[in-house]
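Just so it is clear, none of the values below were taken in a lab; they were calculated from the coordinates. Everything numeric in this text was worked out from a predicted model, so none of it was measured.
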Amino acid sequence: MKSFKNLLFENQDGIGILTMNRPAALNALNAETVGELGEALGEIGKDASVKVLILTGADRAFVAGADIKEMLPMTAAQAQAWCQAAQGVFNQLETMPQPVIAAINGFALGGGCELAMACDIRLASDKAKFGKPEVSLGIIPGFGGTQRLPRLVGKGIAKELIYTGDMIDALEAWRIGLVNKVTTAEELLPTAKAMAQKIMSRGIFAVQMAKSAIHNGLNTDLATGSNYEAALFGVTCATEDKKEGMTAFVEKRKPVFPGK
């Protein structure tokens, strides 16, 4: 992969680690960073050697939000276009074939919280802080926050967080269902890697199909989602992974999935 100004990427034996790397601005999202993120995700999504992606931040922030200095002079039309561009990249993250684990190491505010919500699984350091402070700036969440947050934590709690702009700590984020697990700062990345390795040990094609079924099913009615699930179930039953997984079960051994 090419080098980026505001991102770092490495592939550790199938685990991709993508780091938001703009520490002087607490990894705040400007147009350049969002553009780089979209380009990086496009490359990673096509790279079959990357089985699971971990998204994290450099230094003491995951992503502290959008770049306010860049947003200040925007007209209404420019602001709408900016939101739509960022939403497109976040949707790209949410729908890429690989499962994505957010390793939230510090501040995840505004656009940073929205970035984390676009990931499949969220792990948080006990030093992490979450919040949707947009109304305190006279705006509303614009990178999908009004849509993803209610789906994750429920409408009432989402409204409270968005209307008040209050910041919460990692344990409260876990209590309300915003994050899956809280670890110490030192154990955050090892925990994310261990989870990634466990996912990789399963039928990775099946994991990708399950991701597609969940995402697309939640965006439609139950009957349509169930039909889509059945179709993907059929697809997985035509794979070598299915044959290996079921044969290994019958033979009482660990499966060795070929990934196809």
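Any idea what angle helix 76-95 forms with the longest principal axis of the chain, computed on alpha-carbon atoms, 0 to 90 degrees, nearest 10?
20
Whole number please: convex hull volume per residue of the Cα set in the stretch 56-144, in Å³?
Residue-normalised Cα hull volume stands at 88 Å³.
What angle do you read, to the nearest 10 degrees and between 0 and 90, between the alpha-carbon axis of helix 222-236 and the longest principal axis of the chain?
The angle comes out at about 50 degrees.
Please figure out what share of the DSSP beta bridges in the chain is antiparallel and state it in percent, rounded to the nearest 5.
30
If eta is 1.567 mPa s and T is 4 °C, what Stokes-Einstein diffusion coefficient results for the stretch 161-208, Kirkwood Rh from Cα pairs, in µm²/s?
Rounded to a whole number, D works out at 100 µm²/s.
Of the candidates Val50, Val135, Val182, which one comes out as most mobile in a Gaussian network treatment of the chain with C-alpha springs shorter than 10 Å?
Val135
Could you work out how far helix 188-200 tilts from the main Cα principal axis of the chain, as a 0 to 90 degree angle to the nearest 10?
Helix 188-200 sits roughly 30 degrees off the main axis of the chain.
Cα centroid distance between the stretch 1-58 and the stretch 218-241, in Å?
Cα centroid to Cα centroid, the span is 30 Å.
Alpha carbons only, please: Rg and Dmax for the stretch 7-200, in angstrom.
15.5, 47
Return the whole-Å distance between the Cα centroid of the stretch 181-208 and the Cα centroid of the stretch 65-106.
24
Pop out the Kirkwood hydrodynamic radius of the stretch 87-245 from its pairwise C-alpha distances, inverse of mean 1/r, in Å to one decimal.
Computed over the stretch 87-245, the radius equals 16.9 Å.
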